[in-house]
Structure formats: structure tokens, C-alpha cells
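To start, the structure under review is shown below, and the notes come after it.
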Amino acid sequence: MDEIKVVIKIDKRELRSGIKDYLINCGCIVEEEQLSIADYIVSDRVAIERKTYSDMVSSIMDGRIFAQIKELANNFEKPIVLIEGFECFIGFNENALFGALSAIAIDFGVPTVWTKNKMESAKFIYQAAKREQIETKRSVPICVKKKGKNLREEQEILVAGLPSVNSVLSKRLLDKFGTPKKIFNATKEELMEIDGLGEKKAERFINLVDTEVCREDKKDKKETKD
């Protein structure tokens, strides 16, 4: 019996870290994406934000860390902050570091994990994915999108999840048709009126919403009958 491999989504901006190679050596299937939240997605509820120590210090100094943590906590049930390495950062007050860490843990309920180097980071990410996918039987989401703050944003996210439709096209489609339902019912000609949505994209869109895919159980019943 073949060993089940875990799947990990990695943000393309993390490729420079070299952790992808360590994860592959661990036996993972690594999927590269432009993630809008977190650096690594290991299940539908666990996302990991990785920071080197120096990046962690910088993000505390400019205040962006709390916006990142808030997004993590709002979009995932069990987010994790992974801090890699520990360096002497001259001119930085360590009380600010521990104050930020306590706020992350207490105010946002997000745990932090410290590792020595890239190899340890990769091992932790792998073990987290293994626990979620193999031991807990949880899956990795096909599409990772931020939760909308209101109905309009949720509609934009829904439409942007379609093939060849980015956030810009999503806004244009909703501006023209008003609702996702009207977009799905639009003709190819109506879709082609949208700037940036040419004939090929319109045809792919129509094919996606109109084509019935044979389910495996239907297929099995048909083969049994034959």
C-alpha cells in the first residue's frame, strides 16, 4: 500500500527561503500559490505565518505584525506564528518583543513556535500537516481566499474564485451584472463586454457553469448495468 503524502500550500514569496526543498525531502507534495494570507497552509483550519527573527522585529517596529495576526485569526481556526532563529538586534528593546508576543498569544489567541533554522521550520510544518491530514483526517482547501468583511466583498471573493477571474475582473463583473447569479446566467456575448474578459475566457466561463460532470457513483452504476 502506497504511503499517503501530505499536501502543503506554500506562498510563492516563500520560495526564496529554501524550505520547499526540505519539505519535499520530507515526502510532502508542495503546491505553490500566491497566498493572500499566511505563508503555509496545512489544512482547512491551520495556517502558518513564518518569520525570521529579524523580520519579526521589523514587523513589530512598523506595526504590521498585528494586522497580519488579525487576518490569520479571522480566517483560520488554528493559526500559528513560526519564528525562525534568534539574533541580537541592536537598538531594539526586548520588552517590545515580549510585549508583542504576549499580545499575539493573549489578545489574538495565536501560539508562537520558535525554531533554530530552516530545517527545523520545515520539520515543524511537515509534522503539523501530518497531524492534520493523516491523524485528524482534515483536508487542504482548494482555494484560499480572505473572508469578506461584508456581503459585497464576499460576492467578489466568490466570483474571483472562478478560473481566469481575478479580483479586478470580479469587481467589473459585479458592477455590470449586479449579482453572482446574473453573472452565472450571462451569455458569452454579454461576458465579452467586460474589459479584460475576451472570447477564450468567456467560453471557458460558460463551459464551467454549463457542463455537467459525470459523478463517480453515476459512472460506476452505468458500468455495472452494462
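Since every read-out is calculated from the coordinates, none of them should be taken as a lab result. The structure presented is a predicted model; accordingly, all values stated were derived computationally and were not measured. No Cβ is skipped: glycine too gets one built from the backbone with ideal geometry, and neighbour counts run over all protein chains shown.
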Margin query: Could you tell me how many of the residues in the range 46-79 are in contact (Cβ under 8 Å) with a residue 60 or more places away in the chain and among the β-branched types (Val, Ile, Thr)?
Written below: 2
Check: For the range 195-212, which residues satisfy the criterion of being in a helix (DSSP H, G or I) and under 28 Å from the mean Cα position of the chain (by Cα)?
Finding: Lys200, Lys201, Ala202, Glu203, Arg204, Phe205, Ile206, Asn207, Leu208, Val209, Asp210
Check: Looking at this structure, is Glu33 surrounded by fewer than 13 Cβ atoms within 10 Å (Cβ to Cβ), farther than 30 Å from Asn95 by Cβ and in contact with a helix residue (DSSP H, G or I) (Cβ under 7 Å, 6 or more places away or on another chain)?
Finding: yes
Check: Here is a list of conditions, (1) surrounded by 20 or more Cβ atoms within 10 Å (Cβ to Cβ); (2) over 19 Å from the mean Cα position of the chain (by Cα), and Trp114 meets all of them except one; can you say which number that is?
Finding: (1)
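Which one is farthest from Glu94 (Cα to Cα), of the residues in the range 40-62 that are small (Gly, Ala, Ser) and within 13 Å of the chain's Cα centre (by Cα)?
Ser43
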